[in-house]
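The values are calculated or read from the model by the stated rules, or taken from the named source; none is laboratory data. All figures in this text were calculated on a predicted structure; none of them were measured in a lab. Note that we place each Cβ from the backbone using ideal geometry, even for glycine, and neighbour counts take in every protein chain shown. SASA here: full protein model, heavy atoms, side chains in, ligands and nucleic acids out. Shrake-Rupley method; radii C 1.70, N 1.55, O 1.52, S 1.80 Å.
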Amino acid sequence: MPDFHRIAALPQLVGQTVAVRGWVMTTRSSGKIAFVALRDGTGYLQAVLSRQEVPDAAWEALGKLAQETSLEVTGVVRADRRAPGGVELQASDLTIIGPSHDFPITPKEHGTAFLFEHRHLWLRSRRQVAIARVRHEVVQAIRDFFYERDFILVDTPILTGSIGEAAGNLFAVEYFDLGTAYLAQTGQLYVEAAAAALGKVYCFGPTFRAEKSKTRRHLTEFWMVEPEVAWNDSNDNMKLQEEFVSYVVARCLERRRPELAELERDMRPLEAIRPPFPRISYTDAVEKLGALGSGIEWGRDLGGDAETLLAKQYDRPVLVYNYPKQVKAFYMKENAADPRTVLNNDMLAPEGYGEIIGGSQREDDHDKLLARIREEKLPEDAYSWYLDLRKYGTFVHSGFGLGVERTVAWICGIPHIREAIAFPRTLYKLWP
RNA sequence: UCCCCGGUAGCUCAGUCGGUAGAGCGGGUGACUGUUAAUCACUAGGUCGCAGGUUCGAGUCCUGCCCGGGGAGCCA
């Protein structure tokens, strides 16, 4: 029995007899010679069967190889210029493990609605495999970045009683005798508490928004990483963001070039992603957008079109800082130099991918924070623990949240955020 | 919640002026010893989203509904 190997290992095994297990992508036959294209998750391989060199049973099995049949092929690894990938398997035997019939996703075009109805099977396609691998790299790079900088991971609750930013748009669930609980839309308030314990912390997990958003940039369930740093002001915060995003992009370029190539991602724009990133204040951005012909009046949040237009002016992500207080969350620190604004920033990805980061310095003055909670008519009791952080040794601190799927979509150059997660949850998608 | 677009074979779509339902791919059968989404021949496959209306006659025109997509708002 030859040893079983993954396809990715075969270039190092030229001349050896090996067994490979995988799934059929396509078959081609010319009567007495046949080609089976298969995949195993690590790579793609062409097996070559010659009528006179395989047992009758293997040749008969060939006729039953529909798309996505699982099988084991044994044979000699051979370098051949004609083979996709440089090596192929000259088969000596072939065994069907699990038959397959009428696989719904054929090697032709499909619409996105159909593909998402078959998401559990669509994951097997080359493109989706490449995206999954890039996402994995992004997630690993995020963890490594913070580990290398001595951040401590703090897992924040998904079920919460108090609410995050604004009321509404939360998923509610029954919680025993304690009434209604909500699925977290941010871990930020909790990492603020943890920052006073551990200094540099982050949380990384799923987050939930019950917004009825139907756009290519929105999911109801998505992954977000939220660092929070004691003694960082807003400028420190922006510096951390540009180093962080540059690190993640560089890692993908370093380790996932084959996947990005598979996705036909133009990697040149990604090569330009290194600190420092351009910075522009909200007020200057409004002026600039006016000059560019997009009439945004001061005091209103930047819309999607305005964000895209602004981001197009730069070859790397742009940091837009100090937004008007009234369009931002209650916990953001008032800007002493211009109290109409707060010390926050968004990061807009290039190439029209929009906001990938939202961050701010937090209001550390107890009375000002309480006043803002009252202004927003938030339930004061629910925030008493949050106010405690300002009562017992308040401290300057800042943090941000980065949306994983938006970041993956940008790095992969894919048009739709829904392809950036294995099983997307949207307004109309709870299945599969 | 609002605006725009769509729904015809398993999939992607065409269907003219209202006049017998079409193509490619996929499936099936067969041919072929180096294919790269192989090629070639033959073949099966339809509740035209649902309901009603106009008409001699509706995939096509009208009304209502259902489902989906994109965008706005909101955000990562």
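Put simply, of A:Glu68, A:Glu88 the only residue that is surrounded by 13 or more Cβ atoms within 10 Å (Cβ to Cβ), in a strand (DSSP E or B) and among the acidic types (Asp, Glu) is A:Glu88.
Checked against (1) open to solvent by 30 Å² or more (accessible area, probe 1.4 Å); (2) of a type in the set (Gly, Ala, Ser); (3) over 30 Å from A:Tyr44 (Cβ atoms), A:Ser294 passes all but a single condition, namely (1).
Of the candidates A:Glu148, A:Glu137, A:Glu117, the single residue that is exposed (fewer than 13 other Cβ atoms within 10 Å of the Cβ) and among the acidic types (Asp, Glu) is A:Glu148. Taking the criterion of being more than 9 Å from RNA strand B (Cβ to nearest atom) and not in a loop (DSSP other than H, G, I, E, B), the residues of segment A:303-329 that qualify are A:Leu309, A:Leu310, A:Ala311, A:Val318, A:Leu319, A:Val320, A:Tyr321, A:Pro324, A:Lys325, A:Gln326. Taking every residue in segment A:210-224 that is touching a residue at least 24 places away in the same chain (Cβ under 8 Å) and pairing it with any residue that is more than 6 Å from RNA strand B (Cβ to nearest atom) and of a type in the set (Lys, Arg), at least 6 positions away or on another chain, the pairs with Cβ-Cβ distances below 8 Å are A:Arg216/A:Arg418; A:Leu219/A:Arg418; A:Leu219/A:Arg425; A:Thr220/A:Arg425; A:Glu221/A:Arg425. Would you confirm whether any residue within segment A:303-315 is under 22 Å from the mean Cα position of the chain (by Cα) and open to solvent by less than 20 Å² (accessible area, probe 1.4 Å)? Yes. Taking each residue of segment A:71-100 that is free of Cβ contacts under 8 Å to residues at least 24 places away in the same chain and looking for partners that are more than 10 Å from RNA strand B (Cβ to nearest atom) and not β-branched (Val, Ile, Thr) with beta-carbon atoms closer than 8 Å, six or more apart or interchain, yields A:Asp80/A:Gly86.
A:Ala19 meets all of the listed conditions (1) at pLDDT below 95; (2) closer than 14 Å to A:Asp93 by Cβ; (3) surrounded by fewer than 20 Cβ atoms within 10 Å (Cβ to Cβ) but one, namely (1). Restricting attention to segment A:352-375, the residues that are touching an Asp or Glu at 6+ places or on another chain (Cβ under 9 Å) and in contact (Cβ under 8 Å) with a residue 40 or more places away in the chain total 11.
Here is a check on your reading of the model: is A:Thr220 assigned by TED's automatic domain parsing to the domain that holds A:Gly303, closer than 25 Å to A:Asp305 by Cα and of a type in the set (Val, Ile, Thr)? It is true that A:Thr220 is assigned by TED's automatic domain parsing to the domain that holds A:Gly303, closer than 25 Å to A:Asp305 by Cα and of a type in the set (Val, Ile, Thr).
Residue selection: A:Arg51 fails the criterion of being away from RNA strand B (no atom under 13 Å from the Cβ) and open to solvent by 50 Å² or more (accessible area, probe 1.4 Å).
Based on what the data block shows, is A:Ser162 modelled with pLDDT under 90, more than 27 Å from A:Arg135 (Cα to Cα) and either part of a helix (DSSP H, G or I) or open to solvent by less than 50 Å² (accessible area, probe 1.4 Å) (or both)? Yes; evaluated as a whole, the condition is true for this residue.
For A:Lys368, are the conditions met, namely being out of contact with any helix residue (DSSP H, G or I) (no Cβ under 8 Å at 6 or more places or on another chain), of a type in the set (Lys, Arg) and in the same structural domain as A:Thr215 (by TED's automatic domain parsing)?
On the way: out of contact with any helix residue (DSSP H, G or I) (no Cβ under 8 Å at 6 or more places or on another chain): yes; of a type in the set (Lys, Arg): yes; in the same structural domain as A:Thr215 (by TED's automatic domain parsing): yes.
Yes, satisfied.
Hey, any hits in segment A:266-277 for a residue that's within 16 Å of RNA strand B (Cβ to nearest atom), open to solvent by 60 Å² or more (accessible area, probe 1.4 Å) and of a type in the set (A, V, I, L, M, F, W, C)? So that I can check it myself, show each step before the final result.
Filtering segment A:266-277 for residues within 16 Å of RNA strand B (Cβ to nearest atom) gives A:277.
Subsequent filtering for residues that are open to solvent by 60 Å² or more (accessible area, probe 1.4 Å) retains none.
Scanning segment A:266-277 turns up no residue that is within 16 Å of RNA strand B (Cβ to nearest atom), open to solvent by 60 Å² or more (accessible area, probe 1.4 Å) and of a type in the set (A, V, I, L, M, F, W, C).
The C-beta contact set for segment A:10-34 (first residue more than 19 Å from A:Ser100 (Cα to Cα), second residue among the acidic types (Asp, Glu) and more than 7 Å from RNA strand B (Cβ to nearest atom), distance under 8 angstrom, 6+ apart or interchain) comprises A:Val18/A:Asp3; A:Ala19/A:Asp3; A:Ala19/A:Glu72. Looking only at segment A:173-224, residues that are farther than 14 Å from A:Val404 by Cβ, open to solvent by 50 Å² or more (accessible area, probe 1.4 Å) and touching a Phe, Trp or Tyr at 6+ places or on another chain (Cβ under 6 Å) come to 1 in all.
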